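Below: the structure, in structure tokens.
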Amino acid sequence: MAGLVLLWLIVLPLVTVLSEALKRGIDVYWAALSDPDARAALRLTLLVAAITVPLNTVFGVMAAWTITKFQFKGKKLLTTLIDLPFAISPVIGGLIFVLVFGRQGWFGPWLEAHDIKIIFAVPGIVLATLFVTFPFVAKELIPLMEEQGTQDEEAAVTLGASGWQVFWKVTLPSIRWGLLYGIILCNARAMGEFGAVSVVSGHIRGETNTLPLHVEILYNEYQFSASFAVASLLLLLALATLLIKNLLTRKNAH
Amino acid sequence: MAVANKQNNRAARRVLPGFGIGMGFTVFYMSLVVLVPLSALLLNKTGLTWDKFWSVATDPRVLASYRISLGTAAIAAGVNTVLGLLLAWVLVRYDFPGKRLWDALIDLPFALPTAVAGVALTAIYSANGWIGSLLAPLGIKAAFTPLGITIALMFIGIPFVVRTVQPVLQDAERDVEEAAATLGAGRWRTFRAVILPTLVPSLLTGFALAFARGIGEYGSVVFISGNMPMKTEIAPLLIMSKLEQFDYAGATAVRCSCCSSPFCCCSALTYFNIGRVRPPGSRRRGGGTWLELYLAEPLRRLWRRPHRQRWRSRGSNGAWSAWQASCCCG
Amino acid sequence: MDMKKRIKTGVLTGLAAVMALTLVACGSQTTGSSASPSGSASPADSESKESKESVELLNVSYDPTRELYDQYNKAFAAYWEQAQGQKVTFKQSHGGSGKQSRSVIDGLEADVVTLALGYDIDAIREAGLIEEGWEEEFEHNSSPYTSTIVFLVRKGNPKNIQDWPDLVQDGVEVITPNPKTSGGARWNYLAAWGYALKANGNDEAKAQEFVKELFTHVPVLDSGARGATTTFVEREIGDVLLAWENEAYLSIHELGPDKFEIVNPSVSILAEPPVAIVDKVVDKRGTREVAEAYLNYLYSEEGQTIAADNYYRPTLDSVSEKYQEQFPAIELFTLRDVFGTWEETQNKHFNDGGIFDQIYVPGS
């Protein structure tokens, strides 16, 4: 019974993506994936994730450290501000960068004069993705570190450990699960983000199309098999993320 | 005494390094990525007045979209509560080959881009799809009807329930059940009288999370809903189409009014979770409202246990994730 | 006290870092910009040498032209290399016409725009990127190919739809996108309006009545033309799809001639999707010459043939004769004859509070 539920709810969509992708044979599948535009989209998606995830991870750890290990005024405000991107629709998240960097935006004339492209180019996509994935790591870590308090770290410091040592040896081991989960959520969102990226991308084929945008384009071109082929690529990326998470969990459980 | 304590505390805090750089980086990065761009939005006046807000928020088409969003999300969350309990039960209580794999698959809806889920579900439930073609002879249309929306929301919401119920079930003391059994309680009675009460709070949490997420879901629903005003147009879709018409004011109005309900439900969660921390000793203080007993207390207990930190962080954060998910249309 | 100080230092450090980064950005950009003029100056200096260097054009277009420009870009690249010895590569961007126009205004560096309607190009002109008089820059109001609005019905035409009045019969469901968001939908709306004017002796009130009635038969209002086609074709909703002729042919071609057929109404609108050079961009990038040639070549025999192959009505007589059978004669009226300029049309019908807002009350 439970197996049926799982099969129906989760496995069926998974299988559908693969089977629709392979419906017209492996050749069509392969052609769709080796299409230069699809490859460019894959490269771009990976590049964007490779830039945004580490940046937001570093930020998340720093912010969580500051907020949970120290007392200061305005702490609540800071915590709320970190949540801000969550409360804002991704489309708006893309739009604000158009307002700032667009031709009619704040920096528009200046950027134009210096011939720098931010929106409708890779930097814009990175910025929009940074914005929407901004709180993930921090939000995972803050409650966790709050709970753990500061005694362990303080003890380590009194015993003569340096700041880095405290972080690596004391804090990190106890937050690694939360951190990992945060990174995974952040990564999944970074690779799958559609709304915000769609606004700033400009949809230039082979240049500013990410994988999710490419799926939509192919779908709109009636190339359903190709569309599912690219979707299956995203699916595999998602499965790989889960696998990594699982492997790490298992390794650390022993 | 208090002063001394405070000073002591302060001295201790100062022991830890990294405040300057942490604060500096946080503020710097946040201004760069979030605050500066957002201020552009604030300064770019949307021209939203009260009258406009009211007329948009009570427009019949908008009202219908709330009804659809809330209705389908509630049904999906309800079904998910039952199915999620079932899945969690099997995953915790039984051993079978590939258990780890199945367990990992539960997280798939978290990791899968919602657009991919959307096209896949549409392919399954449209009249010529695998399940759609089975339903068609029975006169049931799944895709492009509220039923389809509900199914998509079930896919999106199921991990929330499983992941909140699972740890509680894992920790439920089995000897109590065994005692109940030896005392002659049937299996059903044991379940109902012994197990279920301990699960109710986490089931409620799971329901709330799945519900909140469902209200805001956009990506997977947009493909399967059919986008028919008054019939299958969900609120996030309406927001999106207002944005496409550059009607930012209208979009904001719909968003504000439709966000408020998941916001209430999630702030209730977070309120009971962290808003009312009492010293551990005072936990049992006799009477207390139903909510206190069934929602707040167990939640707090659940999220306190250190060895459950993984779930705990998931859970407490889930309220926020759900709220964010419901607020945005991504 | 101490704590406050530390917060202040923290915040200050942060702000200082923001400023520092901005400065660094400025610095690196000034070096970048000092280098770029020499780069952009070269095409003007040494034209003969420059023609050997390859050039890249960005064509920002609307949804249904993907297939057309895929083919045309290859043809033009071959032609240009042979004629001028210069390699030209293309970047394409497709999306809803209005959204694309918006993107160009916001800084998407298009050398040429090929959109669904003049209004969207006018918007770019108003933003100062295109010079006045773009309509006269190329022949036929700068519309190298035209199209019209036809009906796509399910095979066998089960509801027996032959002309506009059949659309408002009981039980007929019409699929069209939202005129407020979709360029194609505006042509649909105007075609219906034009028909009703003609049928009722130019009685505006009657025309409004007809279009209002028509929209009560619309169950789904997608935001774009492709979305509406998907609704009709894939989701099997509705009895008739109002569509661009090229889009109707394409869906038959791509999705099975055994499923749909095209019905030509007695009268329809001549849809003129215009093209234009984005003056500010081509001047900046030094691509005016090739961009002009690119759009001009659309009027050549080869360009027109490609357009006709993609089901756009050619404007060149020799080509349209060849494709006579594909494009049956429908009585066509132009926007200018019936409605005037795009600006007037937009203000009267589609802007907030315009006629469309008055007649379309969803769910009623």
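Nothing in this text is a laboratory measurement; each read-out follows from the coordinates by a stated rule. Nothing here was measured: the structure is a model prediction, and the numbers come from that model. Neighbour counts run over all protein chains shown; Cβ positions are idealised from the backbone, glycine included.
Answer rounded, prolate or oblate for the range A:143-184, using the Cα gyration tensor with square roots of eigenvalues a ≥ b ≥ c: rounded when a/c is under 1.5, else prolate when a/b is larger than b/c, else oblate.
Taking the square roots of the gyration eigenvalues as a ≥ b ≥ c, the range A:143-184 is oblate.
How high is the relative contact order of the range A:25-154, in percent, with contacts defined as C-alpha pairs under 8 Å that are six or more residues apart?
About 38 percent, as a whole number.
So how tilted is helix A:90-101 from the main axis of chain A? Cα-based, degrees 0 to 90, rounded to 10.
Orientation of helix A:90-101: about 90 degrees from the principal axis.
What is the mean number of Cβ atoms from other protein chains located within 10 Å of the Cβ atom of each residue in peptide A:211-224, rounded to a whole number?
If you average over the peptide's residues, the count of other-chain Cβ atoms is 5.
What is the angle, in °, between the Cα long axis of helix A:211-220 and the longest principal axis of the Cα atoms in chain A? Nearest 10 is fine, range 0 to 90.
The answer is roughly 30 degrees.
Would any residue of the range C:252-267 have its amide N under 18 Å from a label point 7 Å out along Cα→Cβ of residue C:329? List them or say none.
Once the point is set 7 Å along Cα→Cβ of residue C:329, C:264-267 turn out to lie under 18 Å by backbone N, inside the range C:252-267.
Compute the acute angle (0 to 90°) between the alpha-carbon long axis of helix A:25-34 and the principal axis of greatest extent of the alpha-carbon atoms of chain A; round to the nearest 10°.
60
Roughly what would the spin-label model give for residue C:253 and residue B:57, points 7 Å off Cα along C-beta, in nm?
Here the answer is 5.1 nm between the modelled labels.
Classify chain A as rounded, prolate or oblate from the Cα gyration tensor: take a ≥ b ≥ c as the square roots of its eigenvalues, call it rounded if a/c is under 1.5, otherwise prolate when a/b beats b/c and oblate if not. The partial results should precede the final answer.
Numbers: a/c = 2.46, a/b = 1.33, b/c = 1.85.
The shape class here is oblate.
Counting C-alpha atoms alone, how compact is the range B:106-202: give Rg to one decimal and Dmax as a whole number, in angstrom.
19.5, 54
Just the C-alpha atoms of the range C:180-331: what Rg/Rh do they give, with Rh taken as the Kirkwood radius?
Computed over Cα atoms, the ratio is 1.02.
Ignore the peptide's own chain and count Cβ atoms of other chains within 10 Å of each Cβ in B:120-126; give me the average, rounded.
6
For the range B:85-149 and the range A:185-254, write down the distance between their C-alpha centroids in whole Å.
Value for the Cα centre distance between the two parts: 19 Å.
Express in whole angstrom the spacing between the alpha-carbon centres of the range C:129-194 and the range B:189-207.
58
7 Å from Cα along Cα→Cβ at both residue B:182 and residue C:289: what's the point-to-point distance in nm?
Calculated label separation equals 9.7 nm.
Which entries of C:99/C:348; B:141/B:231; A:75/A:169; C:180/C:280 show an alpha-carbon separation above 18 angstrom in the structure shown?
Where the Cα-Cα span goes over 18 Å, the pairs concerned are C:99/C:348; A:75/A:169; C:180/C:280.
Straight-line reach from residue A:245: which aspartates and glutamates have a Cα under 19 Å away, not including same-chain ones fewer than 8 places off?
Candidates past the 8-residue exclusion: A:140, B:103, B:107.
Taking beta carbons within 10 Å but only from partner chains, what does the mean come to for residues A:69-81?
Values: counts 6, 11, 5, 8, 3, 3, 1, 0, 0, 4, 0, 0, 7.
The mean count of partner-chain Cβ atoms within 10 Å per residue comes to 4.
Between residue A:172 and residue A:151, what is the label-point separation in nm under the 7 Å Cα-to-beta-carbon projection?
Inter-label distance under the simple model: 2.5 nm.
Could you tell me the center-to-center distance, by alpha carbons, between the range B:156-174 and the range C:270-304 in angstrom?
For the range B:156-174 versus the range C:270-304, the Cα centre distance is 62 Å.
Could you grab the relative contact order for the range B:29-178? Cα pairs under 8 Å, six or more apart, rounded to a whole percent. Numbers along the way, then the final one.
Values: 95 pairs, mean separation 46.5, N = 150.
Dividing the mean separation by the residue count of the range B:29-178 yields 31 percent.
Shape verdict for the range C:251-364, please, from the Cα gyration tensor: rounded (a/c under 1.5), prolate (a/b greater than b/c) or oblate.
oblate
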